[in-house]
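Report on the following structure.
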Amino acid sequence: MDTADKMSEIDNVQDEDMIISPRNLLPRLSFVDISDRLAVMRIQEDSIYRCSDYVSWTKHCFEDKDDDCHHGEDDGNGSNRNNHNTNHARQQHHKNRQFIPVDEECRMKMCEWCYQVIDFCKLRRETVDISMSYLDRYASLARNVLMDRRKYQLAAMTSLYVAIKIFEPPLPISSVSDLSRGVYSEDEISEMEVELLFTLNWRVSAPTILGFIYHMVSFIVEEASDENVSKLLDFSQFQAELAVGDYSFATQRSSSIALAALMNSMGILDPHSFPFSLRYRLLKAIEVACNVSNI
């Protein structure tokens, strides 16, 4: 075998290594371990990683419903942490009757921007789900930001910056400032990063929709072909990304969205790919692992 043939053989092996089996994307754990992980993820999403319906709150304030504006959200420890931020927000409202509060469209546009940045940087789209979790929980607690679209936009950009810093190859803060076209300086982004992290109490590892999907599919991965598993993951991820950008899903459990995406995807695919018996086994496994009646 001459040198050219050897090089050709090496290239072919490298090409084969670059093909990622869908099984490699899924947790390689036992049924018990997957169940334990899902149980912990469910506890997290039901406690420290929940957010309130902050957009409805702004609508109440905009309509001058004082009772709604005076009451802060409970932080889970029995204290009213939001009263100061709430009162400050109302003061801003009365100072300027012409303001336009943050709404669903603001969030949708910032989510679309985040996906554009992620795609341009060739990073994982799941990172947008993480960043929107930061933004939603921050807006639920620091409600003065809801009366200032500029600060909300800064919070959204900083949320993505923090998510990338933690879960992806770091993005220079100067690049984030450049992406804002100079609207926000590096100092403003840095200050917002500190405010964001302290407001979230440094809770930055929320379970994602895709994380639930991967764990749930692991229950049946050995009973389906790579091609069918790949299609199932693709369809489910697409629906998960749509849900991330839709504010109506922001207060819903990620596990509920993941299960709905899986069931919808199986319904779209060829019935022979995921027969009823396989779907039934998946649901039973999720029921045991996650207490599906409460999802």
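Taking label positions 7 Å along the Cα-Cβ direction at both E227 and N201, the computed distance is 5.0 nm, reported to one decimal.
A simple spin-label model places pseudo-atoms 7 Å from Cα toward Cβ; at D103 and E287 they are separated by 4.3 nm. Farthest towards the positive end of the charge dipole of the stretch 162-295, among the residues S205, S177, Y280, is the Cα of Y280, using unit charges on the Cβ of Lys, Arg, Asp and Glu. The 3J(HN,Hα) values that the Karplus relation (6.51, -1.76, 1.60; θ = phi - 60°) gives for the stretch 29-34 are, in residue order, 10, 6, 4, 5, 5, 4 Hz. Gly and Pro appear as x.
Taking the charge dipole of the stretch 109-167 about its Cα centre, with +1 at Lys and Arg Cβ atoms and -1 at Asp and Glu Cβ atoms, the residue from Y138, C121, C111 reaching farthest to the positive side is Y138.
Placing a label point 7 Å from the Cα of Q116 along the Cα-to-Cβ direction, the residues of the stretch 157-176 whose backbone N falls under 15 Å of that point are 157, 176.
For the stretch 152-295, carbon and sulfur atoms together expose 54% of the accessible surface, with a 1.4 angstrom probe and every protein chain in place.
What is the magnitude of the charge dipole of the stretch 140-295 about its Cα centre, with +1 placed on the Cβ of each Lys and Arg, -1 on the Cβ of each Asp and Glu, and no other charges, expressed in debye to the nearest 20? Don't skip to the end; give the middle numbers.
Details: 12 positive and 18 negative charges, 112 e Å.
The dipole of the stretch 140-295 has a size of about 540 debye.
Longer than 30 Å from Cα to Cα, which of K109/K165; K59/K109; K122/K284; K109/K284 are they? Say none if no pair is. Display every interim value, and only then the final one.
Numbers: K109/K165 22 Å; K59/K109 19 Å; K122/K284 37 Å; K109/K284 38 Å.
Table pairs above 30 Å Cα-Cα are K122/K284; K109/K284.
Annotation: extensible slack from D148 through S30 equals 37.7 nm (criterion: 0.36 nm per residue apart, minus Cα-Cα distance).
The values are calculated or read from the model by the stated rules, or taken from the named source; none is laboratory data. Just so it is clear, the model here is predicted, and its values are computed rather than measured. Ideal geometry is used to build each Cβ from the backbone, glycine not excepted, and the neighbour counts take in all protein chains shown. These accessible areas exclude ligands, DNA and RNA; they are computed on the full protein's heavy atoms, side chains included. Shrake-Rupley method; radii C 1.70, N 1.55, O 1.52, S 1.80 Å.
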